[in-house]
Each structure stands twice: as structure tokens, then as C-alpha cells.
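Input: a single structure, listed below in C-alpha cells.
The values are calculated or read from the model by the stated rules, or taken from the named source; none is laboratory data. Here the structure is a predicted model, which is why all the values come from computation and not from measurement. We place every Cβ from the backbone using ideal geometry, glycine too, and count neighbours over all the protein chains shown. Just so you know, the surface numbers come from the protein's heavy atoms only, side chains and all, with ligands and any DNA or RNA stripped out. Shrake-Rupley method; radii C 1.70, N 1.55, O 1.52, S 1.80 Å.
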Amino acid sequence: MQYQSENTTNILRAISKARQEFKTIEKSKENSFFKDKSGKAHKYSTLTDINNGINEALVNNDLFINYQIRIIEKKDAGHDTFANGLTTTITHLTTNEFIASHGLLGYFTKSQDLGSAITYLRRYHIQSMLNLEGDFEDDGNLSSGKVENKKTLPKDQTIINEDNIQNKEIF
């Protein structure tokens, strides 16, 4: 699979310009499994929250996001096995330049489980491809139980930029 076009200058320039137009991305959902030091539930952005914050800017800059489900064939101990995969592609419509990301969704037998995995991976693909922060990042420390989290939740701002670094304590 090709993960980017031969030239990416124009798409990266368009993404950079679009990022300047992104709206603040809401964090409308809570995950009560993870809590901060004060006991408040972890807030995160849904796929809808992310799309509401980025779609207008993407359209204004001729950028299009496409998601495709793919069946991945694997040889496992001499047997063919199949897994579901998701490919996310951002295309610059003016030049046809693109960048893509692919991730395995796993071996789901229930449509609802597959649907949940698709939504989850779509959210994380687009966050990473557009350099968005839709979640509180703790380097996996809370989920692994390693060390006490020393970061504080950023307030209202979801995109890390020079102003955030200078004006907000995020470390």
C-alpha cells in the first residue's frame, strides 16, 4: 500500500493552512475509567466533535477525507486468516496529492463490535494525521499503572501550537 503521493508539498501546505482555520474541538464525552487527580472523569473528543471543528477548514482548502474498510489476508501457520483494516486517506483535490494511514481493526464477528472499532480508529487516524489533540495524553501511564500522571488537562484548547506551549501549562 502506498501511504503518500510522490509529491506532498501542496497537501502539507493545504493542511497547514487549514489548521489555522480549525475551530476549537469540543471534548463532549467522558470516560469515567480514567480520572485526573481531583477525581474528574477524563474528557475526550468524539468523531463528531472533531468533524465539527475541522470540516469547514478542510473544504476551504480543497482537502477531502476518505475512509475505506479493507480485508487483509494473512498466512498464519499455513492457514489463511482474514482481518479487517481501515485506511484513512486525505487528498488535496486540486493536485491529487495524498497522505494515508492504515490500521488493523481486528477479527470481529459482530457488526456492532466492528462498527465501534471503525469509529475509534477513524477518530485516532484523523487526530494523528492532522496533529490534533482530542484526548488528554499521558503517554499510557494511567492505563498501564506505571507512574502518577504529572500533566494537567488542557482547558478548552485542543490543538497544540506555539501559543499553547507559551500560555498553558501542559507538562
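Worth pointing out:
- Taken over the range 62-89, residues that are open to solvent by 60 Å² or more (accessible area, probe 1.4 Å) and under 17 Å from the mean Cα position of the chain (by Cα) amount to 3.
- Qualifying residue in the range 20-27 (condition: open to solvent by 70 Å² or more (accessible area, probe 1.4 Å) and aliphatic (A, V, I, L, M)): no
- Selection over the range 21-43 of residues that are touching a residue at least 24 places away in the same chain (Cβ under 8 Å) and among the polar types (S, T, N, Q) gives a count of 1.
- Which listed residue, of 45, 32, 111, 16, is loosely packed, with under 12 Cβ neighbours inside 10 Å and under 18 Å from residue 133 (Cβ atoms): 16
- Selection count, the range 38-89, where residues are over 30 Å from residue 10 (Cβ atoms) and assigned to a strand (DSSP E or B): 16
- For the range 90-108, taking the residues that are assigned to a loop (DSSP other than H, G, I, E, B) and at pLDDT below 90, the one that is most open to solvent (accessible area, probe 1.4 Å) is identified as 107.
- Screening residue 1 against (1) surrounded by 14 or more Cβ atoms within 10 Å (Cβ to Cβ); (2) touching a His at 6+ places or on another chain (Cβ under 8 Å); (3) among the hydrophobic types (A, V, I, L, M, F, W, C) leaves a single unmet condition, (1).
- Output for the range 129-138, where each listed residue is over 12 Å from residue 102 (Cα atoms) and modelled with pLDDT of 95 or more: 130
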